[in-house]
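First up is the structure itself, then whatever we jot down about it.
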Amino acid sequence: VQLQASGGGLVQAGGSLRLSCAASGRTFSNSGMGWFRQAPGKEREIVAAVNWSGGNIYYADSAKGRFTISRDNAKNTVYLQMNSLKPEDTAVYYCAAAYMRSYLYTRQNDYDYWGQGTQVTVSS
């Protein structure tokens, strides 16, 4: 079972990035999925989460209006579209899955599988 996060990089403030998280080994179409991030010297925090169908979504206050989480269950993939990026968005971004639990989850302890992380750096 593997979650592979990709799409990070270096972008100027105001720019956009689209992160992808592809699941392999098992189907995650019945699983709640989330994106978290950890900035240097800070604790890991939730950014966005989605239930199994995509019909129930949560955003952290820092992400509201700028980020969009979505999923394509046919491709076993969840996305995080990040627009209007700010230097304070700089962090390692992780995707996570609450395997076979279909609701939306905001606590890290609710997630069973984690991707390896992808670095997002926003320059001012």
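The values are calculated or read from the model by the stated rules, or taken from the named source; none is laboratory data. Keep in mind that this is a model prediction, so the values were computed, not measured. Cβ coordinates were reconstructed from backbone atoms using ideal geometry, including for glycine residues, and neighbour counts include every protein chain displayed. The accessibility values were calculated without ligands, DNA or RNA, using every heavy atom of the protein model including side chains. Shrake-Rupley method; radii C 1.70, N 1.55, O 1.52, S 1.80 Å.
Tabulated results
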quantity	calculated
The stretch 70-84 residues that are at negative phi, paired with ones that are among the basic types (Lys, Arg) and open to solvent by 40 Å² or more (accessible area, probe 1.4 Å) (beta carbon under 6 Å, 6 or more apart)	VAL78/ARG71; GLN81/ARG18
In the stretch 99-112, the residues that are open to solvent by 40 Å² or more (accessible area, probe 1.4 Å) and under 15 Å from ARG44 (Cβ atoms)	THR106, ARG107, GLN108, ASN109
Odd one out for SER20, checked against (1) closer than 21 Å to VAL1 by Cβ; (2) at pLDDT below 95	(2)
